[in-house]
Each structure stands twice: as C-alpha cells, then as structure tokens.
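In what follows, a structure is listed as structure tokens, so that the remarks can point back to it.
The values are calculated or read from the model by the stated rules, or taken from the named source; none is laboratory data. Every value quoted in this text rests on a predicted model; they were computed, and no experiment measured them. Cβ placement follows ideal geometry from the backbone for every residue including glycine, while neighbour counts extend to all protein chains displayed. For the accessible areas, the whole protein counts, side chains as well, though only heavy atoms, and no ligand, DNA or RNA atoms are used. Shrake-Rupley method; radii C 1.70, N 1.55, O 1.52, S 1.80 Å.
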Amino acid sequence: MSNTEFQDIETSEPQGTTFDFRGFLFKALNLWKLVLFSIGIALIIAYLINIRKENIYRLDSLISVESEQNPFFTANTSISFNWGGVSGKVGKIITTIRTRTHNEKVVDSLQFYMDYLVQGKYRMVDIYKSSPYEVVLDKTQGQLLGQPIGIRFVNDNEFDIFIDFDKPSKSVHRYGNKDIYNVNVPIGAFSQRFKLGEQISLPFFNGIIKQRDGKRIISGSEFYMRFHFFDGIVRNFQYAVKITPFAGSSSVLQLTMSGTNKSKIVDYLNTTAAILSRTELERKNQYATNTIKFIDSSLAAVDTSLKLFNDEMNAFRKQNKVFNVSQEMTELSSKLKAIELQKEEGESKLNYLNSLEQYLRTKTDYTNIAAPTSVGITEGNILNSVAKITTLAIERQNLAYTTKEGSVLFEDLDRRIDSEKNVLLETIDATKRTISLQLNTINRNIAGYEAQLSTLPEDEQQYLRIQRKLDISQEAYNVYQAKRSEAAIVKAANVSDITVVDAAKDIGNGPIGPNKSLNYMMALMVGFFTPMFFIFVIFLLDNTIHGSDEVERLSNIPILGLVGKYNYPNNLVVFEKPKSAVSESFRSIRSSLQFFYKKKGLDHRGHTLMITSSVSGEGKTFCAINVATVYALSGKKTILLGLDLRKPKIFGDFNIQNDLGMVNYLIGEATLAEVTHSSHIENLDVIPSGPVPPNPSELLMGDAMAPLMEQLRQSYDIIVLDTPPLGLVTDALELTQYADATIFMIRLDYTKKGMLALVNAKYRVGEVKNISFVLNFYKHKTNHNYGYGYGYGYGYGYGVYGNAYHENDDPSLIKRIRRFIRRL
C-alpha cells in the first residue's frame with residue numbers, strides 16, 4: 001500500500017454484505033480438481049449404466065374401427081337386429097385395451113407370466129421364442145414363483161432341472177384358477193434328469209419341456225425359466241399399450257408398445273388386436289345369439305307338439321277308415337285352420353310379451369333380450385324401445401370397466417334405462433290388451449266354424465280336428481325353422497367392426513433407449529453441478545475473510561499493509577531474513593506509519609503503536625516483534641511492551657526470562673530498569689509481561705500505567721504495545737488511550753467477518769482511534785485484487801498462543817472436519 005493511500009477514516013457506513021460472485025468463481029477455480037474428479041466419476045457411472053441397461057424397442061400396429069354392415073342383412077330380412085352405430089366405438093376400444101379383463105386374456109393366451117431366460121454378462125436375458133425349448137404347463141398344478149429354475153441340456157434328448165433352495169417352503173402359483181399356496185421343497189441344491197416330452201411333476205414345477213420347432217439343442221447349454229405372479233404381470237401390461245389416432249383419422253388407431261424383447265412386443269400387439277376383434281364380434285352377435293336361443297326353445301316346443309299330433313293321426317288312421325270329406329267341409333276346415341294359425345301366432349306374441357315383461361321387472365342386465373321380430377312382433381314402439389334398452393345396457397357394461405360403481409355416469413345411464421323401460425312396459429301392456437282382443441275375436445270365429453262342422457259325423461270331425469292341429473304345428477315349425485336359419489346366416493356372415501390394417505412386425509427397428517448420449521450429458525451436468533453446489537453451500541456458510549476486497553467491502557478502515565505467509569521457526573524474520581519479502585512488508589508498514597505520524601502532527605518523540613486482533617492466533621505478537629525490529633534497525637530507539645498479561649509470550653524469541661515484567665512493575669515490586677531487558681537487536685529493548693496476575697484488567701487500569709507511558713515517551717522513539725485480542729477481553733480497550741496509532745491484525749482464511757463489525761462499532765463510538773488493518777497470511781492467488789500482493793509469506797505455530805484463551809482447545813473430530821472444509 002502506498003503512503004498516499006493512507007488517509008483519515010470517514011464515519012460513513014461500510015458497504016452492505018452482498019454475494020461475492022467473483023469470490024465464488026475463484027473458489028470454484030481453486031477446486032477445479034474436485035470438479036474434474038466428480039465429472040469423471042459421473043461419466044464412469046453413466047458408462048456402466050449404458051452398458052448394463054437393456055435396449056428398449058418400440059413397435060406399433062394399426063387397427064380400424066368401423067361399423068361393418070352384414071352382407072346378408074337387407075331390407076327383406078324378416079328379423080331385425082340392432083348392431084349399434086360407430087359412435088362411441090373408438091372410445092370403447094381404447095377403454096377396453098386398458099381394462100384388466102382384456103389384458104388378462106392376452107397375458108393368459110401368451111403365457112407371459114413365464115420367462116425364458118439365459119445368463120448374460122450383466123443380467124438374466126429374456127430370450128422368449130429364441131430358446132431351443134418350449135414349456136407346456138400343467139395349469140392345474142403349482143409353479144414356483146420368482147426364483148429361476150435352471151435347465152441344463154445333457155444331450156439332444158435329456159436335460160437336468162437344477163435349483164438351490166434356501167428355505168423349506170416356497171410359494172407356487174396355480175395358473176388355472178390363479179391360486180397361490182406354499183409347498184415343501186428340499187433345502188440346498190436340487191438336480192434331477194428328465195427326457196424331452198416327459199411329464200414332469202415336481203413340488204415346484206409341473207409340465208412338459210419339449211424341443212421347439214426349428215431350433216437345435218446344444219449339449220451343455222444352460223437356460224432358466226421363471227414364473228411371475230399373474231395379476232402383477234397383468235398390471236404391468238395394463239397400460240403398456242399406447243393408443244393414438246393415426247394421421248388424424250377418427251376410425252384408425254395406432255397401438256404402440258415399448259419393451260426389451262421385440263418378439264414379445266409383436267405377439268402382444270397382434271394378440272391384443274385379435275382378442276379385441278373376437279370380443280367385439282361376440283358382443284356384436286349377442287343380440288342375434290339371444291334370438292337364436294329363443295327360437296331354439298320355441299322350436300323344441302313346436303317339435304314336441306308336431307310329434308304328438310303326428311302320432312295321434314297315425315293312431316286314428318289305424319283305428320278308423322279313411323274318410324272322403326266333402327269339398328265344402330274341406331274348405332271350411334281350411335278356413336278354421338287359418339284362423340287357428342292366427343290364434344297360435346297371437347298366443348306366441350302374448351307369451352313373448354309376458355316373458356319380456358317378467359324379464360324387465362326381475363332382471364338388471366338387459367343385454368340378453370331376444371329380438372321381438374322373432375315371433376312376428378312388428379310394433380315400432382316395442383322394437384325401438386328394446387333396441388334403445390339393449391344399447392344403453394351395453395354402454396353401461398362397457399362403462400363398468402373404467403368407472404367405479406356409484407358414479408354420476410352410472411346414475412345418468414340408469415335413469416335413461418329406467419325411463420325407457422317404463423315406456424316399454426306401458427307399450428307391452430297396451431299391446432297385450434290388443435292381442436287379447438284379437439284372440440277373443442279369433443276364438444269366436446273358431447267357435448262358429450266348429451259349430452258348422454258339428455253337423456258332420458263324429459269320426460269326420462275328429463279327423464278334421466287332428467289334421468288341422470297337425471297342419472298348424474307343421475306350419476309353425478316351418479316358420480320357426482326359417483327364422484332360425486335366417487338368424488344363423490346373418491350371424492355367420494357377420495364381421496367384426498375391428499380389423500387389422502397393419503399388423504405388428506419386427507422389421508429391424510433400432511432401439512429407442514437407453515439414450516446413451518442423454519445419459520452422458522446428464523452425467524456431465526450432475527458431475528459438474530453437484531460439486532459446484534457443495535462449493536456454493538460452503539462458500540455461503542464460510543464467514544471467514546479471504547481477501548483484501550472483502551475487508552474493503554465490510555469496513556471503511558484503511559488497510560495499512562499486507563504480510564505474506566512464510567515458513568520460519570521463530571518470529572524474528574525481519575532481523576534474521578532482512579532481504580525477504582516479509583521484511584519488505586514490515587518496512588512498507590513502517591513507512592505508512594511514519595506518514596501517518598507526520599500527517600497527524602505527531603513530531604514529538606515517543607510515538608506509541610498498539611497492535612491487537614480479534615481473537616488469538618491472528619499474528620499480533622509476530623507483527624509487534626517485527627514492527628519493533630524494523631524500527632530498531634532503522635536507528636530508532638524502540639521498546640516492545642508485553643501487555644498481554646494473560647498469556648505472556650514475547651520473551652521466548654529474545655531468550656529472556658519472564659520472572660520480572662510489566663506485572664511486577666505495575667504492582668510496585670520492581671523498578672522500570674529492573675524489568676527492562678536489552679535484546680540482541682540493536683536499539684531494541686523489551687519489557688516482558690511477567691507472571692500471570694489474577695487481575696490483569698485492573699492492573700492496566702491502575703495509576704502506574706500513565707506515568708510509565710509518559711516516562712517511556714521521554715526515553716524512546718517508538719513504543720510498541722503487544723496487547724491482548726480485542727474480541728476476547730477488554731484489556732486492549734484500556735490501552736487505546738495511550739496509543740497514537742492502532743494496528744488491527746486480520747489473518748486471512750481465519751478471522752471472522754463478524755469481527756470487523758465489532759471493530760467498526762467500537763470505532764464509531766470512539767473506543768478505538770487512528771486504527772488501520774494489517775492483513776496477515778496474505779496469498780496472492782486467493783486474493784481478488786490484482787493490483788498488489790507479494791506472493792510470499794511466513795508461517796509459524798499459532799496454536800500455543802491460541803491456548804492462552806482456550807486452555808482445553810484439543811480439537812475434536814468435528815472441529816477437524818470443519819477446519820478441513822474451511823481449507824476447501
């Protein structure tokens with residue numbers, strides 16, 4: 001520091017504490033090895049992850065969802081079926097693919113609860129259809145859960161099953177009814193030989209292992225099979241298939257699936273499409289199937305009646321002669337048969353309506369209603385109501401896959417179904433009344449025709465009666481048989497609304513993961529930012545002073561000089577190493593002090609200089625000895641007073657005894673001449689502290705101190721006061737009245753920032769005057785000011801001095817860790 005920079009201190013507040021970005025940057029640069037090491041470790045971890053992680057592939061397929069019209073269903077078809085519309089089918093398909101029921105069918109059909117494995121370099125690898133063998137499971141027996149079962153091929157026809165059990169009981173899964181139970185197994189290594197195609201019955205495995213078509217078995221090769229919990233596998237696949245509209249089309253869906261085995265992905269997507277198509281066709285044919293069942297039951301009844309009437313006619317003909325009935329009576333009988341056929345049709349309609357009414361009142365699932373047209377009901381209101389109820393019932397059934405019972409959606413559907421059901425019941429009641437009136441009219445007509453026939457002989461009447469019944473039953477049978485054939489043809493010719501546009505296929509697609517480049521980028525970022533974060537935290541928590549710029553920011557007190565770090569066995573650096581950079585530092589401090597004394601008009605002899613610090617270990621005694629030495633070497637008559645009465649120290653470097661000193665003089669036990677020692681340095685006298693007193697502060701405040709200082713001013717040019725730390729005890733404050741100038745020592749990377757606030761406060765209230773800072777342990781590379789600095793320094797042990805005020809300062813492990821972090 002130049003002399004012109006030393007000036008009076010203004011009383012303005014120092015600049016507030018802000019984040020020192022430049023300091024943080026230098027801290028990070030100083031720890032570049034740590035950052036580089038962290039990045040290296042992160043990249044190594046990323047590399048290990050990349051080589052160990054299985055490749056992930058993505059395949060897709062396309063399906064079309066359309067309302068396919070049956071080619072046999074025309075306007076001339078007598079039976080009306082409600083196939084539903086295309087509206088809502090896409091949403092239903094998307095919902096179905098994500099249901100547990102659908103995925104259970106797919107997983108069960110593909111047996112994806114069993115893995116075919118081979119031991120890879122880093123993990124078990126699923127080889128699926130690439131295995132040279134296949135397993136035919138006995139689903140009525142249990143299979144071991146979780147633990148791989150080894151298969152070692154001895155030759156082309158024999159193999160060993162081996163496994164090692166650590167417990168006497170293991171869980172097995174029976175995939176037929178999905179039960180899980182425990183079985184007893186032998187503890188330790190198990191191995192048993194079997195032949196290909198042989199039935200295997202073990203406590204932990206039941207099935208047949210046979211050679212896969214087109215695969216060759218290599219002797220000595222080892223494989224494994226592993227079984228999983230069925231419901232767990234279903235959960236894994238339940239949301240594995242992603243469904244999106246293809247190219248903006250509302251009726252073409254793209255099914256996409258990702259996984260580690262492309263063959264499994266292909267099979268799962270194609271099986272999903274196949275099961276969807278089959279299920280949709282079954283659901284679409286449900287109305288027709290119900291109608292066929294109804295017609296079959298009616299046919300059975302008519303067939304029974306036809307056989308009875310046929311037997312009755314044969315029996316009548318055996319007992320009686322064949323009669324020739326007149327043409328008039330034959331026509332009358334034909335009319336009667338036609339009317340009775342109308343009666344039969346009416347009764348069939350009435351029976352259907354009664355059954356439908358009972359079904360609606362007693363059932364809650366309305367998806368099994370037969371078509372009303374199957375019995376000749378053409379009433380539009382009934383047909384429309386039945387179609388609406390069936391549609392709503394199917395919609396409710398689909399909603400049950402994804403929505404919990406009690407939802408407002410169910411409530412809305414139930415209200416609509418109940419409303420339509422009430423309308424249908426009223427329509428049924430009205431239609432039944434109409435049919436009943438028609439039947440009454442038919443019965444009266446039948447009675448009239450029978451009255452006309454009653455004029456015939458009894459045998460002829462009996463013959464005509466049996467013939468009419470036989471003809472009516474035959475005609476009813478023919479009608480039902482025709483309707484059944486028609487319904488069966490329509491059902492057989494029906495096609496699913498779901499068709500596969502493009503099946504999933506492995507065409508050599510490359511993997512989509514893991515993204516190795518991204519992993520390396522993430523590792524680079526984590527490796528860089530993790531140590532930077534810790535450096536940032538340490539920097540924020542670090543409350544020590546590291547450079548002159550921090551001092552200037554925290555205090556307006558000027559910096560008098562800088563003293564570097566220098567390794568030397570004692571404190572007499574200036575005397576014993578006069579050409580060192582440290583000696584130049586103290587000469588610079590001497591010049592600045594001379595400028596200060598001159599500027600203050602202190603031209604008299606006996607300039608006093610007090611040297612203090614915030615706490616122990618900051619170098620005030622070292623500075624006091626060397627400042628006194630540099631003045632003495634310049635020809636100034638100098639005296640060094642050891643006023644740190646609590647921990648005497650300066651006597652050791654001058655090879656003098658501490659038996660007599662300031663304490664003895666202040667209590668009147670010795671004269672000034674008796675306590676003053678001439679050192680081996682020319683022009684430098686030393687008064688040590690003397691024995692440690694019980695009341696150091698009271699001695700320094702005593703009446704003997706002022707006359708002593710006045711006497712020393714008359715005898716010496718420079719009086720250097722080595723005082724106790726200002727931040728620990730009040731002794732130094734008692735001595736400021738005798739000091740023309742005060743040096744406050746700041747040891748970089750040691751002195752706390754809060755101590756500067758303490759000094760600022762004491763200066764503002766006038767407790768200390770003419771104070772300036774000297775920075776100790778200065779290192780050019782860690783300072784943020786590039787204008788000055790020496791790059792040299794000294795070093796000596798401060799631990800002894802520090803114990804002056806911390807008698808039991810044996811650093812614990814935590815303190816050592818803290819010191820290490822501070823050094824970072």
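Somewhere in the range 432-443, is a residue within 30 Å of GLU282 (Cα to Cα), modelled with pLDDT of 75 or more and either surrounded by 12 or more Cβ atoms within 10 Å (Cβ to Cβ) or polar (S, T, N, Q) (or both)?
For the range 432-443, residues within 30 Å of GLU282 (Cα to Cα), modelled with pLDDT of 75 or more and either surrounded by 12 or more Cβ atoms within 10 Å (Cβ to Cβ) or polar (S, T, N, Q) (or both): absent.
Output the residues belonging to the range 635-649 that are among the charged types (D, E, K, R) and open to solvent by 10 Å² or more (accessible area, probe 1.4 Å). Talk me through it step by step, then tell me what you get.
Within the range 635-649, the first condition is being among the charged types (D, E, K, R), and the residues that meet it are 636-637, 644, 646-647, 649.
Within the range 635-649, LYS636, LYS637, ARG646, LYS647, LYS649 meet the criteria.
Identify the residue in the range 575-605 that is closer than 18 Å to LYS769 by Cβ and surrounded by 15 or more Cβ atoms within 10 Å (Cβ to Cβ) and, among all such residues, is nearest to the chain's Cα centre (by Cα).
It comes out as SER592.
Which one of GLU54, GLU68 is of a type in the set (Asp, Glu), open to solvent by less than 90 Å² (accessible area, probe 1.4 Å) and modelled with pLDDT of 80 or more?
Just a single option satisfies the conditions, and that option is GLU54.
Going through the range 535-568 one residue at a time, which ones are open to solvent by 20 Å² or more (accessible area, probe 1.4 Å) and farther than 27 Å from ARG764 by Cβ?
Matches in the range 535-568: PHE536, VAL537, ILE538, PHE539, LEU540, LEU541, LYS565, TYR566, ASN567, TYR568.
So in the range 352-381, with the set limited to residues that are in a helix (DSSP H, G or I) and in contact with a Ser or Thr (Cβ under 9 Å, 6 or more places away or on another chain), which one is farthest from ILE446 (Cα to Cα)?
Looking at the filtered set, the residue picked out is ASN381.
Filter the range 766-784 down to the residues that are open to solvent by less than 30 Å² (accessible area, probe 1.4 Å) and assigned to a loop (DSSP other than H, G, I, E, B), then identify the one that is modelled with the lowest pLDDT.
So, considering only residues that are open to solvent by less than 30 Å² (accessible area, probe 1.4 Å) and assigned to a loop (DSSP other than H, G, I, E, B), the one modelled with the lowest pLDDT is ASN783.
Only one of (1) farther than 12 Å from TYR133 by Cβ; (2) in contact (Cβ under 8 Å) with a residue 40 or more places away in the chain; (3) touching an Asp or Glu at 6+ places or on another chain (Cβ under 9 Å); (4) not aliphatic (A, V, I, L, M) fails for GLN211. Which number is that?
With (1) farther than 12 Å from TYR133 by Cβ; (2) in contact (Cβ under 8 Å) with a residue 40 or more places away in the chain; (3) touching an Asp or Glu at 6+ places or on another chain (Cβ under 9 Å); (4) not aliphatic (A, V, I, L, M) applied to GLN211, the lone miss is (1).
Has the range 9-22 got any residue that is open to solvent by 100 Å² or more (accessible area, probe 1.4 Å), modelled with pLDDT under 90, in a helix (DSSP H, G or I) and of a type in the set (D, E, K, R)?
yes
Going through the range 190-211 one residue at a time, which ones are in contact with a Lys or Arg (Cβ under 8 Å, 6 or more places away or on another chain) and open to solvent by less than 40 Å² (accessible area, probe 1.4 Å)?
LEU196, PHE204 - these are the residues of the range 190-211 that are in contact with a Lys or Arg (Cβ under 8 Å, 6 or more places away or on another chain) and open to solvent by less than 40 Å² (accessible area, probe 1.4 Å).
If I go through the range 663-682 residue by residue, how many of them are in contact with a strand residue (DSSP E or B) (Cβ under 6 Å, 6 or more places away or on another chain) and either buried (at least 16 other Cβ atoms within 10 Å of the Cβ) or on the phi > 0 side of the Ramachandran plot (or both)?
Count: 4.
Tell me, yes or no, whether the range 386-394 has at least one residue that is assigned to a helix (DSSP H, G or I), free of Cβ contacts under 8 Å to residues at least 12 places away in the same chain, under 16 Å from ASP418 (Cα atoms) and of a type outside the set (Ser, Thr, Tyr).
No, every residue in the range 386-394 fails to be assigned to a helix (DSSP H, G or I), free of Cβ contacts under 8 Å to residues at least 12 places away in the same chain, under 16 Å from ASP418 (Cα atoms) and of a type outside the set (Ser, Thr, Tyr).
Checking THR608 against (1) assigned to a strand (DSSP E or B); (2) open to solvent by 10 Å² or more (accessible area, probe 1.4 Å), which test does it fail?
Tallying (1) assigned to a strand (DSSP E or B); (2) open to solvent by 10 Å² or more (accessible area, probe 1.4 Å), THR608 fails exactly one: (2).
Looking at TYR763, is it aromatic (Phe, Trp, Tyr), in a loop (DSSP other than H, G, I, E, B) and under 28 Å from ARG587 (Cα atoms)?
Criteria not met by TYR763.
Which residue pairs have Cβ atoms closer than 8 Å, lie 6 or more positions apart in sequence or on different chains, and pair a first residue in the range 231-247 that is closer than 30 Å to GLY176 by Cβ with a second residue that is in a loop (DSSP other than H, G, I, E, B) and hydrophobic (A, V, I, L, M, F, W, C)?
As it stands, the answer is ILE233/PHE112; PHE237/PHE112, since those pairs meet every condition given.
In this structure, is GLY527 open to solvent by less than 10 Å² (accessible area, probe 1.4 Å) and either over 54 Å from the mean Cα position of the chain (by Cα) or at positive phi (or both)?
no
Looking at LEU341, is it open to solvent by less than 60 Å² (accessible area, probe 1.4 Å) and under 60 Å from the mean Cα position of the chain (by Cα)? Can you show your working first?
Values: open to solvent by less than 60 Å² (accessible area, probe 1.4 Å): yes; under 60 Å from the mean Cα position of the chain (by Cα): no.
For LEU341, the condition - open to solvent by less than 60 Å² (accessible area, probe 1.4 Å) and under 60 Å from the mean Cα position of the chain (by Cα) - is not met.
Considering only the range 182-208, state which residues are of a type in the set (Ser, Thr, Tyr) and in contact (Cβ under 8 Å) with a residue 60 or more places away in the chain.
SER201
Among the helices (runs of 4 or more DSSP H) lying completely within the range 497-584, list those that include at least 3 residues that are within 30 Å of ASN655 (Cα to Cα).
The qualifying helices (runs of 4 or more DSSP H) are 573-576.
Listed here are the residues, each with its yes/no results for (1) touching a Phe, Trp or Tyr at 6+ places or on another chain (Cβ under 6 Å); (2) of a type in the set (A, V, I, L, M, F, W, C); (3) in contact (Cβ under 8 Å) with a residue 60 or more places away in the chain; (4) not in a loop (DSSP other than H, G, I, E, B).
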{"site": "GLY617", "(1), (2), (3), (4)": "yes, no, yes, no"}
{"site": "GLY668", "(1), (2), (3), (4)": "no, no, no, no"}
{"site": "GLU682", "(1), (2), (3), (4)": "no, no, no, no"}
{"site": "PRO725", "(1), (2), (3), (4)": "no, no, yes, no"}
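Only residues that are part of a loop (DSSP other than H, G, I, E, B), at pLDDT below 90 and open to solvent by less than 70 Å² (accessible area, probe 1.4 Å): list them for the range 692-716, please.
PRO693, ASN695, GLY702, ALA704
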